[in-house]
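Since the structure comes first, as structure tokens, the remarks are kept for the end.
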Amino acid sequence: MKGGEDKCLRCARCCYAKVILDGEVYYTDIPCEFLDVKTNLCRIYEDRFEKNPECLSIEEGTRLGVFPADCPYVRDIKRYKAPHTDCDTAEMGRLYLEED
Ligand code: SF4
Ligand code: SF4
């Protein structure tokens, strides 16, 4: 969701896998396979929805609550529920891999 979009701060937070526990979204430390973790840029940005069916549009990501609270796409939305940022992302990553 980063790259050429004007508002994006390129934090790449939304491009890490998430887990849902009891209806709450948690970040993991597992980046999308297409994320360049050095630049925080998507390596397939132009074709991301074709090449990665799991990549969400801004609208989908907003509805599902995958953006952090300070992301410009959601920070002005009242009652937006952001993922937890105070979790152990490595532990969440283990849970994510167990789900597969
Ligand atoms: S969370 Fe928001 S600012 Fe950060 S990369 Fe995703 S779209 Fe960009
Ligand atoms: S394909 Fe992966 S790295 Fe690219 S925008 Fe989507 S989630 Fe982020």
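Readers should treat all values here as calculations from the given coordinates under stated rules, not as data from a laboratory. Just so we're clear, the structure is a prediction, and the values are computed from it rather than from any experiment. Heads up, the Cβs are rebuilt from the backbone with ideal geometry, glycines too, and the neighbour counts pull from every protein chain shown.
In order along the range 40-51, the phi-based Karplus estimate (6.51 cos²θ - 1.76 cosθ + 1.60, θ = phi - 60°) of 3J(HN,Hα) comes to 6, 10, 6, 7, 10, 3, 5, 10, 4, 6, 7, 7 Hz; Gly and Pro are listed as x. Most tightly packed first, judged by the mean number of other beta-carbon atoms within 10 Å of their residues, the peptides 80-89, 66-75 read 66-75, 80-89. For the range 70-83, putting each phi into the Karplus relation 6.51 cos²θ - 1.76 cosθ + 1.60 with θ = phi - 60° gives couplings of 8, 5, x, 6, 10, 5, 9, 8, 5, 6, 5, 10, 7, x Hz, in residue order, rounded to whole numbers and with x for Gly and Pro. Lysine pair count for the chain (Cα-Cα distance under 19 Å; residues 8 or more apart in sequence or on different chains): 5. Look at the dipole of the range 13-99 built from charges on Cβ: of 72, 49, 90, the Cα furthest out on the positive end belongs to 72. Rounded to the nearest 20, the Cβ-based charge dipole of the range 13-99 about its Cα centre (Lys and Arg +1, Asp and Glu -1) stands at 320 debye.
Nearest 500 deg cm²/dmol is fine: what mean residue ellipticity at 222 nm does the chain get from its DSSP H runs of n ≥ 4 alone, each adding -39,500 (n - 2.57), divided by its residue count?
Helix contribution divided over all residues of the chain: -5500 deg cm²/dmol.
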